[in-house]
Amino acid sequence: MTGTLMVDARDIEKRVTTAEGELQILHRVSLSVADGESLAITGPSGSGKSTLLGILAGLDTPTSGSVALAGRELTTLDEEGRAKVRADHVGFIFQSFQLLPGLSALENVMLPLELRGVSGARERAREFLARVGLSERLSHYPPQLSGGEQQRVAIARAFASQPRVLFADEPTGNLDTVTGAKIIDLLFELNREQGTTLLLITHEERLAERCGRRVELTAGELQGA
Amino acid sequence: MLALRLLWRNWRSGELKLLGLALVIAVGVVGAIALFTDRLERSLIQESNALLGADRVVRSSRPINPDWFPEAEARGLQQSQAVTFSSMVFAGEEMYLAGIKAVDERYPLRGNLVVNERAFAADGNVVAEGVPAPGEAWVDGRLLPLLDIALGDTVGVGEYELTVTRILVREPDGGNPFNAMGARLLMNLEDLERTEVIQPGSRVTYQWLLAADSDTVLRQGVEWLEEALGEHERIIDLRTAQQGLTNTLDTGQRFLLLAAVIGVLLAGVAIALSARQFAERHEDQVALMKSLGAGAGQVRRLYLTQLLVLATGASLIGLVLAEIAQRAIAWGIQSGFEVQLLAPGFYPYVFSLLTGVIALVCFALPALWFLPGVPPLKVLRRELEPNRLEASWQLFFAALAVVVLVALFSRDLALALSVLAALLVVLLITLGLALALLSLSRRIGASAGSIWRLAVASLQRRRAESLIQIAVFSVALMLLFTLLVVRTSMVAEWQATLPEGAPNHFLVNIPEHQVAPIQRLLDDENIERQPLYPMVRGRLTEINDNNARELDLEHNTLRREINLTWTDSLAEDNEIIEGLWWDDWQRSDADLPGVSVELDAATGLGLALGDRLRFSVGGLELRAEVASIRTLDWNSMRPNFYFIFEPGALDEFSPTYITSMYLPAEDKPFLNQLLRQYPTILVMELDRIIEQVQRVITQVSNAVQLVLWMTLFGGVLVLFAAVNGSLAARRQESALLRALGSRRQLILGSVFYEFAILGVLAGVIAIVGAEVLLMGLQLFVLEIPVRPHYWLWIAGPLAGAALVSGLGVAGCRSVVTTPPGKVLRELA
């Protein structure tokens, strides 16, 4: 492990109440990710991967335990505080791309920059779309783009705001093998260039292999951390 | 600014278009109604003030204090003076007691003098420029045969000779029945002194006519006058001068108000529906923005700014549309009825602009309120449901909007609340009925053909949505039916107010010995007439031995001499509501004659059965006991009385007799014959007033009609918004069916039946609702008799089915014309 810790989670538990009674999704999960490290969280469906990612990224709160992200203790912050941390440090890539259908590719990439009030959003968005090879598709809308192209727009959007940590939820889950491979290459290339900390969920072996470290989540418990 | 960029992007992607359109229509419809009714109201007031000759008239038995003129001038009031009195007019051997009116150059301030070069001519009437020049007189056509003169001859008024130059056909305030004094002679005020007619003790009425261009100036002027006037002066406005007409105007205005309320409601429903669709589409967007680091506060600010900008923009566009619409309507009315509508005031513009903002805040905001609270985790777990504002709160805000808008619009809270209460009741009935009817249609659908089954299945699958749609359709149809029915019965009611053959002439001052011959003369000529009533003029002086003037009472029977009569048979529009009529009534121990009191007077004077009244009749005393209380119809154009005594009670006061009759225009020369034979009786010609009243009624009716159409358009928009709401899901489903090889007819057919079922159900519920609402409105707000509406029960469901299915098919047509692959891909 090198440098300072970008993510530091201790004894995270997550319980939810369902119609059938209380359900424990995460059991005392502790996990640290150093600045610049890349980590794959693997595990079967329903093992709690997405819940863990949500908590580590500050989208959700644990029932007990503590999470520090970029040195800020998330569990002591309210939603506005966590939003600030996300705005300053976090980027996302989703399985379903999460592009806004009414916005062009360029506008989708500009959106996080605009929300942060970054000046020169348009130029930077253009630049990152060029980096993912979509210079010719700036004014296209998501429904007019292929799945691979949509995920490239999402990658451009994630990196354009130059986050210190990037969370990716099954980034190749909705793509065919060939396209998926290209997306993986692109993701790691940008990650290396930017020195971003990468935390991704996958059950794709070749994606997990590219990461510096991997852990497996089974029934809410962490193996090989 | 980010919010503006987002607004533009949302607009471009079509997500705001329906919301924007609904707002534009809301402001447009409300604005057009507000502007138009404002113009109409101003014009009608002016038109009606033309009946008065001014906005206000100060009437006095003494000359108006000249110190007031400069003060009125300084306050921005226009003024004119008129002096009226009865005087003998001479021409050679002939003489006649004419009603003389001397006016200054500015007379009249409202309305016109209409003159002709010939007497009793059917054409050639022109609006006079100015008034008779000094030395000239304009006279009522009847005066020519009465005095045996022609135009150009001279007549003597007191010590002065005037040349008769024109026939006076119409004067603005010529119709106040109980002030009319025979045929009119109009002369210049400058000549008045030269006639030397007015001596101390003469019975003269001085009129000071006032008008102002702005309501504020007028109101402040009236307030000042009320302070300044003494006990001899009285301010007359239209309300006191023309009770019947005022009632018509009030009802007309209330209807327009009701139409506007309904317009606001319809637009509000459309806004709420489209806001709901907008919110649903934006859940994911907000979750994404929040995952990207936007806080709830930032999201709220972004959306609020977008909405406010949208509201402002839409309101401005709506206002432009409203202006165009009201101009078009006004143009139609002006060219059709040869009336001049006044420009609208400032308030309706401000109000229309506010409408957009208020409608958005109260109808749309509740549906959008949860958006900033959408959890960011939704980007990972789409099944998460945000905390929406409870439906009851959404209803509360919608209700609040209705009350605020209606109160702003009408400044009539009672109307707002009654509509609201009726709506809530109706909404509850709607929900219960909709649930029951929907389950009934399932049972029918199970045994039907494939198109029907598909339609019913679709309804069942979208059960919640179908219910909302039924509720929305029902409310929209209910409001439209209500408006339609109210309009119909109101116009019928107005037409019934002044039926063909309503009495249009009054004969007064008939001495007792002429009663029988005049009755005979009228009957020989087959003239429709009312009975002849004896009449004396008296003043109410004491109630139960207390001085009436010292009692703290407010009624116009206390302010002036009133007409008293006796009769043994009750006129048909009179109805005893308390006490007994003479046949059954017995004098009490006090042995006073009985008197029957009109309800309004009894209420104003606080009278009850058995109360003792004392009247002063020409210095003599008349005592009576209240025997009964009556209602009557002041609009009936028959002789009507506040106080009717038992037969014989007035015999010792030498009464004169009064009656009314109907004289068609072609029989008017009969008046000459009548007056030659009985020169002392007075004829009051109400036919001109009636004609004016009917003109006003026609105008209001037509305005009401147009407003109805505009509101109908708002209703169609609501239906469209509701259909549109389910379109996305329907497009996907239809595309899927198309991809699987369904024929176009099957898809459109099932859509048609689905919406037709919704339409019929909504139509039925709407009728139940409309009947409830109508009963409330007719009983409490408009006071129009409740009539059954059988046609509605057949037309309602049919209209509902036709409207809703038509809109549904129109909305879904694009699905079957676009290749299914494209639709599915765009929706993916």
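Under 1.5 on a/c is rounded, so check that first for the stretch B:106-151, then, if it is not, pick prolate when a/b is larger than b/c and oblate when it is not; a ≥ b ≥ c are the square roots of the alpha carbon gyration tensor eigenvalues.
In terms of gyration-tensor shape, oblate.
For the interface of chains B and A, what total accessible area is buried with a 1.4 Å probe, rounded to the nearest 100 Å²?
The B and A chains share an interface burying roughly 2600 Å².
Hey, got the Cα dimensions of the stretch A:76-225 along the principal axes, in Å, largest first?
Taking the Cα atoms of the stretch A:76-225, the three principal extents are 44, 42, 27 Å.
Using a 1.4 Å probe on the protein chains only, how many percent of the accessible area of the stretch B:56-236 belongs to carbon and sulfur?
Ligands and nucleic acids excluded, carbon and sulfur give 45 percent.
Let me confirm one metric for peptide B:375-384, namely the mean number of other chain beta-carbon atoms within 10 Å of its residues' beta-carbons.
Average per residue, whole number: 6.
Could you pull the accessible area for B:Ile198 with a 1.4 Å probe, rounded to 10 Å²?
About 60 Å², ignoring ligands and nucleic acids.
Based on alpha-carbon centroids, what's the gap between the stretch A:68-141 and the stretch B:351-398 in Å, whole number please?
Answer, in whole Å: 26.
Out of every Cα-Cα pair in the stretch A:179-225, what percent are more than 13 Å apart?
Of all Cα-Cα distances in the stretch A:179-225, 62 percent exceed 13 Å.
With the contact rule set at Cα under 8 Å and sequence spacing of 6 or more, what percent relative contact order holds for chain A?
It comes to 29 percent, rounded to a whole number.
For the stretch B:56-236, what relative contact order do you get, as a whole percent, if you take Cα pairs closer than 8 Å and at least 6 residues apart?
Taking the mean separation of contacting Cα pairs over the length of the stretch B:56-236, I get 36 percent.
Could you put B:Asp591, B:Asp523 in order of accessible surface area, largest first, with the 1.4 Å probe and the full protein assembly present?
B:Asp591, B:Asp523
Hey, what did the stretch B:505-663 get for relative contact order, percent, Cα under 8 Å, at least 6 apart?
Answer for the stretch B:505-663 is 40 percent.
May I ask you to evaluate 6.51 cos²θ - 1.76 cosθ + 1.60, the Karplus curve with θ = phi - 60°, for each residue of the stretch A:123-134 and list the ³J(HN,Hα) values in order in whole Hz, giving x for glycine and proline?
Rounded to whole hertz, the list is 5, 5, 5, 4, 4, 6, 5, 5, 4, 9, x, 10.
Only bridges whose two residues both fall in the stretch A:5-223 count here: according to DSSP, what percent of them are antiparallel, nearest 5?
55
Quick one: order A:Glu107, B:Glu159, B:Glu93 from most to least accessible surface, probe 1.4 Å.
Final ranking, largest accessible area leading: B:Glu93, B:Glu159, A:Glu107.
Got a sec? Charge dipole of the stretch B:505-663, +1 on Cβ for Lys and Arg, -1 for Asp and Glu; which of B:Pro647, B:Gly618, B:Leu540 is way out at the positive end?
Toward the positive end, the furthest listed residue is B:Gly618.
Net charge within 10 Å of A:Thr51 by Cβ-Cβ distance, Lys/Arg positive one each and Asp/Glu negative one each, not counting A:Thr51 itself?
Result for the local shell: +2.
Can you pull the percent of the stretch B:505-663's accessible area that's carbon plus sulfur, 1.4 Å probe, other chains left in place?
41
With the cut-off at 20 Å, tell me which of the pairs A:Lys49/B:Lys378; A:Lys84/B:Lys290; A:Lys14/B:Lys378; A:Lys49/A:Lys84 have Cα atoms farther apart than that.
The pairs that break the limit, which is 20 Å between Cα atoms, are A:Lys49/A:Lys84.
Using the Kirkwood radius built from alpha carbon pairs, what does the Stokes-Einstein equation give as D for the stretch B:505-663 at 4 °C and 1.567 mPa s, in µm² per second?
Answer from the Stokes-Einstein relation: 80 µm²/s.
Using a 1.4 Å probe, how large is the accessible area of B:Arg676, given in Å² and rounded to the nearest 10?
For B:Arg676, solvent-accessible area is about 130 Å².
With the convex hull built on the Cα atoms of the stretch A:1-56, state its orientation-averaged projected area in nm².
For the stretch A:1-56, the mean projected area of the Cα convex hull comes to 4.4 nm².
The values are calculated or read from the model by the stated rules, or taken from the named source; none is laboratory data. Worth saying up front: this structure is predicted, and the values here are computed from it rather than measured. Cβ: placed from backbone, ideal geometry, glycine included. Neighbour counts: every protein chain shown. Ligands, DNA and RNA are excluded from the accessible area calculation, which covers all protein heavy atoms including side chains. Shrake-Rupley method; radii C 1.70, N 1.55, O 1.52, S 1.80 Å.
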